[in-house]
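A short worksheet on the structure shown next.
The values are calculated or read from the model by the stated rules, or taken from the named source; none is laboratory data. As the structure is a prediction and not an experimental result, all values here were calculated from the model. Heads up, the Cβs are rebuilt from the backbone with ideal geometry, glycines too, and the neighbour counts pull from every protein chain shown.
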Amino acid sequence: MNNTTMTYLDGRITIIPDVCNGQPTIRGKRITVQTILEFLSVGESHEEILRQYPSLENEDIYACLKFATQLMAHKYTLKMAA
């Protein structure tokens with residue numbers, strides 16, 4: 001198994017192949033960036049997210065937003081498939 005850990009944003013976002021199938025998580029916990037973004041996208045407040053996930057910090061939520069913003073800064077090319 002690949003045990004390489006990648007970290008972003010001062011270690012707040014981690015990608016560990018054996019945790020959550022390699023999805024980006026918050027500080028190696030089994031809480032994915034996607035989960036937090038989904039909560040935010042339906043209008044959940046930071047306070048409600050922190051209540052549901054007491055091990056998180058407000059800075060973790062901001063790190064999720066910044067991580068997603070950085071992903072959108074990449075150039076993407078669409079190709080037609082036959």
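Structure summary
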read-out	value
Every pair of residues 6+ apart whose Cβ atoms lie under 6 Å, when the first sits in region 45-74 and is under 17 Å from Ile13 (Cα atoms) and at pLDDT 95 or above while the second is of a type in the set (D, E, K, R) and part of a loop (DSSP other than H, G, I, E, B)	Asp60/Arg12; Ala63/Arg12
Elements of type helices (runs of 4 or more DSSP H) contained in the chain, each with 2 or more residues being exposed (fewer than 10 other Cβ atoms within 10 Å of the Cβ)	58-72
